[in-house]
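The values are calculated or read from the model by the stated rules, or taken from the named source; none is laboratory data. Quick caveat: nothing in here was measured; it's all calculated off a predicted structure. Because the Cβ atoms are built from the backbone with ideal geometry, glycine has one as well, and the counts that use them run over all protein chains shown. We work out accessible area using only protein heavy atoms, side chains counted, and drop any ligands, DNA or RNA first. Shrake-Rupley method; radii C 1.70, N 1.55, O 1.52, S 1.80 Å.
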Amino acid sequence: MTSSSAPGKIILLGEHAVVYGRPALAVPVSQVQATATVQSAEAGIWIHAPQVNVQEELSNLAPEHPLAATVHHVLATLHISAPPPLQIRIESDIPVASGLGSGAAVSVAVIRALAAFLGQPLDDETVNALAYEIEKLHHGTPSGIDNTVVAYAQPVYFVKGKPIERLRVGKPFTLIIGDSGIPALTRDSVAAVRRLWESAPSRYERIFDAIASLVQTARRALENGDIAALGPLMNENHALLRDLTVSSPNLDRLTEAARAAGAWGAKLSGGGRGGNMIALAPPEAIEAIQQALWQAGAKRVIVTQVTHSTH
Ligand code: PMV
């Protein structure tokens, strides 16, 4: 039996613009995890994922089903045409469709556990490349940021198509993640931004550039351990995401509540229109911000400590 776990992730700054070649910053969230366990079975290849109501033989799932595609990709990469009978069990406490990278975490956990069970463990780079293929099924035109943060389980400075750059975090800090409880598909918000960009490219290119410049400033602040300086940059990034029409009344309410309770800054995180927001919390305001988020209607609140590395 082999087992592998992968963390969730959260985007600090730069979502959406990252689809258009701009940089973004993201960090793993190890409080939530996806775990895949592979063991021998009597016959066939079985996939059991209770959270998404899947209990199927591989051959009964459409080849483009993300879980089936993950297995097919791993087998093809390992050049295994007649795999032994096995069962893959997937457990995850990462909420789906909420910007915490649940799809990428499940892919990474399954890829690692299956390859290890078949006696050919894969390196991070290959795991990442395979998980990116699956992200395309989830998202349409993903930048690849989710699979990268999750596969390496490290804070990253990410530019689409470029080799991974680890993000140095000069000083640990606390993020509070508030879930609006409204599921929203990243695929839809990415498509909506694409329509806007097609209708007025220069206007949206300017917004993407403004986001990129916030990301560069934030990267320097983080490296220097100047955490408080990140707050206003997050607030500005949220305003630009509103211009991209990917915020929502709930996300605006949650970010305002966090700021009023003492957060250095707050913004939506991920695809938007629902899903999560993040607040950057000074140590003395952690308690108050959590309470403010619950009161403003958050359906789940996670406090996470960001350090330079999770392993
Ligand atoms: O919704 P999430 O956290 O999976 O993040 C999506 C980030 C986007 O920039 C909106 C899309 C992408 O592929 O990078």
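Keeping all protein chains in the complex and leaving out DNA, RNA and ligands, what accessible area do you get for residue 139 with a 1.4 Å probe, in Å² to the nearest 10?
40
Could you provide, to the nearest whole Å², the per residue accessible area of the chain with probe 1.4 Å? Numbers along the way, then the final one.
Values: 12690 Å² over 311 residues.
Each residue of the chain exposes 41 Å² on average to a 1.4 Å probe.
At 1.4 Å probe size, what's the solvent-accessible area of residue 141? Round to the nearest 10 Å².
Accessible area of residue 141: about 60 Å².
Residue farthest toward the positive end of the dipole of the chain, with Cβ of Lys/Arg at +1 and Asp/Glu at -1: which of 245, 150, 34?
Of 245, 150, 34, it is 245.
Quick check on region 216-311: take the gyration tensor over C-alpha atoms, sort the square-rooted eigenvalues as a ≥ b ≥ c, and tell me if it's rounded (a/c under 1.5), prolate or oblate.
Oblate is the answer for region 216-311, as a/c is 1.5 or above yet b/c matches or exceeds a/b.
Label points 7 Å out from Cα along the Cβ direction at residue 284 and residue 168: separation in nm?
Roughly 3.0 nm, to one decimal.
Grab the beta carbon distance between residue 41 and residue 188, set R0 = 41 Å, and tell me the FRET efficiency rounded to 0.05.
Values: r = 37 Å, r/R0 = 0.90.
It comes out at approximately 0.65.
In debye, nearest 20: dipole of the chain around its Cα centre with unit charges on the Cβ of K, R (+) and D, E (-)?
Roughly 660 debye for the chain.
Antiparallel DSSP bridges in the chain: what percent, to the nearest 5?
Numbers: 45 of 49 bridges.
Here the share of antiparallel DSSP bridges comes out near 90 percent.
Per DSSP H run of at least 4 residues, take -39500 (n - 2.57); add these up for the chain, divide by its residues and hand me the 222 nm value, nearest 500 deg cm²/dmol. Present the calculation step by step, with values, prior to reporting the outcome.
Details: 9 runs with 125 residues, N = 311.
After summing the helix terms and dividing by residue count, I get -13000 deg cm²/dmol.
Is the shape of the chain best called rounded, prolate or oblate, per the rule: a/c under 1.5 gives rounded, else a/b larger than b/c gives prolate, else oblate, with a ≥ b ≥ c the square roots of the Cα gyration tensor eigenvalues?
In terms of gyration-tensor shape, prolate.
Between residue 123 and residue 64, what is 0.36 nm times their sequence separation minus the Cα-Cα distance? Round to one decimal in nm.
Here the segment from residue 123 to residue 64 would lengthen by 18.8 nm.
Put +1 on the Cβ of each Lys and Arg and -1 on the Cβ of each Asp and Glu in region 36-195; which of 180, 73, 111 then has its Cα farthest toward the positive end of the dipole?
Of the listed residues, the answer is 180.
Based on the mean of other beta carbon atoms within 10 Å per residue, what is the order of 124-131, 36-43, most packed first?
On the way: 124-131: 20.0, 36-43: 15.6.
Going from most to least packed, we get 124-131, 36-43.
Tell me the carbon and sulfur percent of the accessible area for the chain, rounded to whole percent, probe radius 1.4 Å.
52
Apply 1/(1 + (r/R0)^6) to the Cβ-Cβ distance of residue 54 and residue 252, taking R0 = 41 Å, and write down the FRET efficiency to the nearest 0.05. Don't skip to the end; give the middle numbers.
Details: r = 35 Å, r/R0 = 0.86.
Efficiency, from the Cβ-Cβ distance: 0.70.
Could you check the simple spin-label distance between residue 203 and residue 1, using points 7 Å along Cα→Cβ, in nm with one decimal?
5.7
Using a Cα-Cα cut-off of under 12 Å, which aspartates and glutamates could be cross-linked to residue 136, ignoring same-chain neighbours fewer than 8 residues away?
Residue 136 reaches 64, 146.
Which of the aspartates and glutamates could be linked to residue 299 by a straight reach, that is with a Cα gap under 13 Å, when you skip same-chain ones fewer than 8 residues away?
In chain and number order, the partners are 179.
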